[in-house]
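Notes follow once the structure below has been shown.
The values are calculated or read from the model by the stated rules, or taken from the named source; none is laboratory data. A quick note: this is a predicted structure, and the numbers were derived from the prediction, not measured. Glycine gets a Cβ as well: all are built from the backbone with ideal geometry, and neighbour counts include every protein chain shown.
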């Protein structure tokens with residue numbers, strides 16, 4: 001089964017993750033980052049593989065699902081926007097972004113190394129809501145991000161300058 005359209009340029013990053021659909025309820029998903037966007041594919045049932053999201057708004061070098069935040073961390077957060085996907089991408093695809101925050105690093109995915117031309121332009125981590133199909137938050141950096149990891153309480157971003 002092929003989900004790729006003719007507008008897809010090149011795979012920059014691919015990985016499996018768990019999409020938390022409720023307390024103790026998960027779906028296995030395939031995350032694909034392209035030179036011009038990303039896809040999330042539900043692979044829980046091999047006989048019913050289906051695309052959940054396909055967005056084309058610039059190069060993506062890393063993707064990570066964020067688990068539901070712990071109940072203690074619920075106040076003022078983005079719990080209502082979950083499930084959330086963290087998208088490491090360039091500043092060029094910054095349309096439709098809200099709640100911007102500046103930090104100290106450029107972004108780069110931490111598992112495979114994309115082409116240097118796209119890596120140098122990856123400067124943000126965007127929080128994409130699979131519920132509303134919109135970006136709900138963005139973090140900007142000035143140095144390379146080597147790794148992004150999430151838990152119910154913490155989002156860790158490893159930067160080249162730290």
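Can you report the number of residues in segment 109-150 which are at pLDDT 90 or above and outside any strand (DSSP E or B)?
Adding up the residues that qualify gives 4.
Listed here are the residues, each with its yes/no results for (1) at pLDDT 95 or above; (2) over 13 Å from residue 130 (Cβ atoms); (3) in contact with a strand residue (DSSP E or B) (Cβ under 8 Å, 6 or more places away or on another chain).
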| position | (1), (2), (3) |
| --- | --- |
| 2 | no, yes, no |
| 23 | no, yes, no |
| 53 | yes, no, yes |
| 61 | no, yes, yes |
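Residues 95, 48, 36: which one is within 25 Å of residue 145 (Cβ to Cβ), at pLDDT 90 or above and out of contact with any strand residue (DSSP E or B) (no Cβ under 7 Å at 6 or more places or on another chain)?
Values: 95 fails: at pLDDT 90 or above; 48 fails: within 25 Å of residue 145 (Cβ to Cβ).
Answer to the check: 36.
When you check residue 77 against the structure, is it out of contact with any strand residue (DSSP E or B) (no Cβ under 9 Å at 6 or more places or on another chain), modelled with pLDDT of 60 or more and assigned to a loop (DSSP other than H, G, I, E, B), yes or no?
yes
Could you tell me which residue of segment 4-17 is farthest from residue 66 (Cα to Cα), considering only residues that are surrounded by 14 or more Cβ atoms within 10 Å (Cβ to Cβ) and modelled with pLDDT of 95 or more? Write out each step before concluding.
Taking segment 4-17 as the starting set, the residues that turn out to be surrounded by 14 or more Cβ atoms within 10 Å (Cβ to Cβ) are 8, 11-15, 17.
Okay, now just the ones that are also modelled with pLDDT of 95 or more, so 14-15, 17.
Numbers: 14: 16, 15: 14, 17: 10 Å.
Once the filter is applied, the top-ranked residue is 14.
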